[in-house]
Structures are given as C-alpha cells and as structure tokens.
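Below: the structure, in structure tokens.
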Amino acid sequence: MENKQQSNGVVKETKAVKKKVNWSGSLIVASLTGAFGSSFLYGYNLSVVNAPAVYIKKFYNETWQRRYGFSVDESTLTLLWSITVSIFAIGGLVGAIIVTPIVKFFGRKCTLLLNNVFAVAAALLMSLCLLAGSFEMLILGRIVMGIDAGISLSALPMYLSEISPKEIRGSLGQVTAIFICIGVFTGQVLGLPEIFGQESRWPYLFGAIIVPSLIQVVILPFLPESPRYLLLEKHNTSEAEKAFQRFLGKDDVSHEIEEVLAESRVQRNTKLVSILQLLRTRAVRWQVATVVVTMGCYQLCGLNAIWYYTNNIFSEAGINHETIPYVTLSTGAVETLAAVFSGLVIERLGRRPLLIGGFGLMIVFFSVLTVSLTLQTTVHWLPYLSIFCILAIIASFCIGPGGIPFVLTGEFFQQSQRPAAFMIAGTVNWLSNFAVGLLFPFIQAGLQTYCFLVFAGICLAGAAYLFFVLPETKNKTFHEISQAFAKRNKVTLEMQEMNHYPGERKSSAEQESDFTSSVDNGETKKGIV
C-alpha cells in the first residue's frame with residue numbers, strides 16, 4: 001500500500017513537472033536565431049530562383065553571345081539552367097557528409113556560426129555575377145549555398161533537440177520546418193515585380209541572403225552551447241550546468257544533469273560513432289531504417305511535382321498570367337500556417353499521428369488531383385478543384401512529413417550516435433532531392449497527369465511502414481525511445497545497452513567510481529561513461 005502511494009506521488013510529481021515546463025527567453029531566442037540563419041535560408045533558396053528565371057536565362061544568353069559571338073542554343077541553355085537549379089542539391093550532399101566531424105570538433109552552436117561563411121560567400125558570388133558578367137559565379141554560388149544548407153539541416157535539428165526539455169522537444173524541433181516554409185514564402189514575396197522580380201534587380205534576391213546570416217552571427221554567440229554536448233563530449237559539467245540553467249530558466253538543474261549522465265552510463269562511453277559503426281549496431285537498426293524511410297519520403301512524396309504544376313493549373317483555372325505570382329503566394333502562406341499548426345499540436349497529438357496522417361491525406365488528395373487534371377477540360381469547375389487539391393497537399397505535407405523527420409532523427413539516437421545519424425539522414429535527403437530533380441521531367445513526360453499516382457504510391461508505402469514500425473516518442477527520454485525499439489531490434493535491454501559500443505566497455509564498478517569522483521570534483525572527466 002505504501003509503495004502504491006509512493007508510486008502515485010511520483011506520477012503526480014512528474015505531471016506537475018511537465019506543467020511547469022516553460023519556454024525560457026534563451027530557448028526561444030536560440031531556436032529563432034538558429035533557424036533564421038539556417039533552415040530559413042534553405043527554404044529561401046528553394047524558391048528564390050523561380051521568379052527571376054527568365055532574366056537569368058537572358059543573362060546566360062547575353063554572356064555567351066559576348067564571349068563567343070553567337071547566341072547559345074536552346075538545349076545548352078536548358079542544360080545550364082538545370083545545372084543551376086539542381087547543383088544546389090549536390091552542395092547539400094557535400095554539406096551533409098562533412099557535418100559530422102565539424103559538429104564534433106566545434107560543437108553545435110559554433111558549427112551554425114561558422115556555417116555563415118558559406119552563406120556570405122555564396123551571397124557575394126551570386127549577387128555580383130551580373131556585374132562581373134560571369135554565370136559561372138552564380139552556379140558556384142549555388143553549390144556553396146547548398147553546402148551551407150546541408151550543414152545547417154543537420155546541425156540545427158541536432159542543436160534544437162539537445163537544448164530543449166523532452167516535454168517540448170517536438171514543438172521546438174518543428175521550428176526547423178516552420179522557418180523552411182517562411183523562407184520559401186519570403187522568396188516568393190521578394191520575387192514579386194514590385195520588389196526584386198525585375199531584370200535590373202534580380203541580383204538583390206541573392207544578396208539578401210547576407211541579412212539572416214549577419215543577424216545570426218550577431219546574436220548566437222551570446223547564447224549557450226548545447227549542454228549535452230558540453231557534458232558528454234567536452235566533459236565540462238560547470239558550463240553544461242550554466243547552459244541548462246539558461247535554457248530551462250531555473251537554478252536547480254540537478255535532475256537534468258543526472259538524466260544526461262544516466263544516458264552516459266548506459267552508453268558506456270561517449271566516443272563518436274562512425275556511420276559504419278552505427279550501421280553495424282544491432283540495437284539501432286530499425287531506428288536507422290526508419291530515418292532512411294522518413295527522409296526518403298520527405299523528398300520523394302511529390303511536393304516538388306506540385307510546384308512544377310502550380311502555374312499551369314492556375315492558368316487553366318482562368319487566372320491571368322500577370323496575376324499568377326501573387327496567387328502563388330497562397331501556396332507559401334498555406335505551407336507556413338500548416339507548419340505552425342503542426343508545431344502547436346505536436347506535443348498533444350504526437351509525432352506518429354501527424355506523420356502517418358499527413359501521408360494519408362496526401363494519398364487522398366493526389367488521387368483526386370489526378371482525376372481532376374485528367375478531366376478538367378470536360379468540366380469547367382474542375383480546375384478550381386485542382387487548385388484546392390494543390391493547397392491541401394501542401395498543407396498535408398507540412399503538418400507532418402515536412403518537419404517531423406528532422407525531429408525523429410534527433411530523438412532516436414544517443415549523444416555519440418547522433419552526428420552519424422544526421423549524416424545518414426542528410427545524405428538520403430539530398431540524394432533523394434537530386435533524384436527527384438533529375439527523374440521527374442521524364443516521369444512527367446511519360447505519365448503526364450498520372451505521375452501523381454507514383455507519388456501517392458510512395459506516400460502509401462511510407463505510411464504503411466510507419467504504421468507498423470514507428471513508436472510514439474513524445475515526452476520520452478532518448479533511453480526510453482531506445483527501449484521502445486528493443487523488441488523489434490531483437491535485443492534485450494541489457495544487450496541493447498552493451499551493443500551501443502561493443503569495443504570499449506568498463507565494468508560497472510569502474511563506471512560508478514568515475515561518476516562518484518566526477519561529482520566530488522564538480523566536473524566531468526573523460527572517465528565518465
């Protein structure tokens with residue numbers, strides 16, 4: 001009876017703690033500043049090339065004619081433009097590959113800061129290309145900007161997942177997706193003819209990249225590094241404690257310190273894991289597979305195809321060609337609102353319903369859009385149904401598949417596994433992005449409006465996999481999430497703890513001795529594992 005009362009007391013206390021979780025000022029500023037100089041720029045560079053496309057192609061042709069004395073042929077111009085657009089993904093892949101050693105050596109916050117070197121360099125190259133008369137500068141700038149995006153889309157979710165309490169980890173993680181959408185919308189707005197969407201002003205669209213970077217460089221240095229990184233990788237307990245205090249907005253952070261150290265004792269050591277080691281670790285096989293599936297579906301689910309069809313569908317609905325850029329803003333607005341909605345409800349509904357539900361809704365609207373596009377010449381109101389389907393698909397994507405994959409990658413893995421996991425996620429993300437850009441024109445040419453059924457099939461496969469495999473992760477510690485996968489990975493909890501690092505283990509007595517000495521000395525040493 002006494003034990004039961006104690007248990008009830010613990011439950012009540014836990015609930016009380018959850019209710020008291022606040023968004024401290026440092027936590028809010030870190031998430032907004034980090035995202036503004038990182039994921040915002042990724043979204044911005046996805047859309048910024050659309051508005052000035054005609055003027056950039058004209059610049060390519062004029063440069064070619066000035067150099068060689070004749071105009072560039074249509075096929076070469078198309079190739080140059082395709083390279084300009086798609087090479088962003090190649091840069092992203094490079095950034096995703098090099099991010100692991102960078103975040104290990106410099107830390108999460110410093111990686112975000114140093115990454116601005118790529119953003120500023122890219123902005124200068126692209127904004128000055130017209131003045132220099134060199135289209136190669138624009139292409140090179142797109143590569144460099146892609147490297148920036150590849151690094152930021154791994155380092156930012158990693159930073160956000162490590163600074164946030166588990167009770168709001170999902171909401172804070174959605175900041176990445178929200179700022180991607182805001183970036184896309186901003187690129188659409190600045191590309192309007194009244195602003196920078198003119199032949200003489202289009203370089204300013206790329207020069208504007210400097211602004212978010214400078215804001216991040218000014219503000220982020222005054223915010224703490226990831227406390228988990230400081231404690232587990234730098235072994236600096238005093239700085240980790242200060243970071244926890246600022247991010248959580250309270251003085252007593254002993255519970256959080258102990259929770260992280262408990263993870264450290266479970267892991268046995270904090271040596272950084274390579275991609276090969278992570279893939280060989282039996283205890284995380286299904287976590288890795290789930291990250292690959294979610295990131296693959298994130299790019300392959302057909303949203304890029306929607307952007308391809310948008311202008312044509314608006315034209316078919318009778319919208320004036322000059323008005324289409326303004327109507328297109330509705331897609332960016334819907335995208336942003338859906339991402340914000342997801343951030344507000346993710347801690348109530350959970351990751352699993354939003355992710356599976358988002359894919360499910362996309363299947364429905366892709367199917368309706370296929371019918372609508374096929375028959376729209378026979379029924380006068382069907383183009384309006386197509387517009388509705390486009391907006392609904394964008395909203396369905398943003399409430400779940402558009403942001404939760406980044407959250408899950410941060411939640412699935414222990415501290416020393418996380419950089420390798422984000423490298424895998426980033427590699428899948430950017431390879432899938434490049435594959436869509438390369439293959440979609442051929443799919444569209446062969447299947448016409450039926451191409452959306454291919455994407456519906458991908459969404460169905462992704463939703464089915466997640467329905468059977470993905471556990472709910474909201475309000476769970478990293479260790480609890482690992483336990484949820486233990487049965488599927490066919491390892492006992494004891495084996496799971498030992499399998500994290502089969503090579504370098506200490507006895508329990510040695511670990512306890514190390515932990516005790518660290519507490520006595522007031523700082524964590526390398527022996528804490």
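Checking 319, 356 one by one, the residue that is part of a loop (DSSP other than H, G, I, E, B) and surrounded by 16 or more Cβ atoms within 10 Å (Cβ to Cβ) is 319 and no other. Of the residues in the range 283-295, at least one is over 30 Å from residue 336 (Cβ atoms), over 23 Å from the mean Cα position of the chain (by Cα) and in the same structural domain as residue 469 (by the TED database). Any chance the range 214-224 includes a residue that's assigned to a helix (DSSP H, G or I), in contact (Cβ under 8 Å) with a residue 60 or more places away in the chain and within 20 Å of the chain's Cα centre (by Cα)? Checking the range 214-224: at least one residue is assigned to a helix (DSSP H, G or I), in contact (Cβ under 8 Å) with a residue 60 or more places away in the chain and within 20 Å of the chain's Cα centre (by Cα). Only one of the listed residues (379, 428) is closer than 14 Å to residue 301 by Cβ and open to solvent by 10 Å² or more (accessible area, probe 1.4 Å). That residue is 428.
Could you list all residues from the range 241-271 that are touching a Ser or Thr at 6+ places or on another chain (Cβ under 8 Å), modelled with pLDDT of 85 or more and not in a loop (DSSP other than H, G, I, E, B)? Correct list: 243, 246, 247, 248, 257. Restricting attention to the range 75-94, the residues being touching a Gly at 6+ places or on another chain (Cβ under 7 Å) and either free of Cβ contacts under 8 Å to residues at least 40 places away in the same chain or aromatic (Phe, Trp, Tyr) (or both) number 1.
Listed here are the residues, each with its yes/no results for (1) in contact with a helix residue (DSSP H, G or I) (Cβ under 9 Å, 6 or more places away or on another chain); (2) of a type outside the set (A, V, I, L, M); (3) more than 12 Å from residue 151 (Cα to Cα); (4) at pLDDT 95 or above.
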residue	(1), (2), (3), (4)
58	no, yes, yes, no
70	yes, yes, yes, no
75	no, yes, yes, no
93	yes, no, no, no
113	yes, no, no, yes
118	yes, yes, no, yes
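The values are calculated or read from the model by the stated rules, or taken from the named source; none is laboratory data. All figures in this text were calculated on a predicted structure; none of them were measured in a lab. Here Cβ is always computed from backbone atoms with ideal geometry, including for glycine, and neighbour counts include all displayed protein chains. Just so you know, the surface numbers come from the protein's heavy atoms only, side chains and all, with ligands and any DNA or RNA stripped out. Shrake-Rupley method; radii C 1.70, N 1.55, O 1.52, S 1.80 Å.
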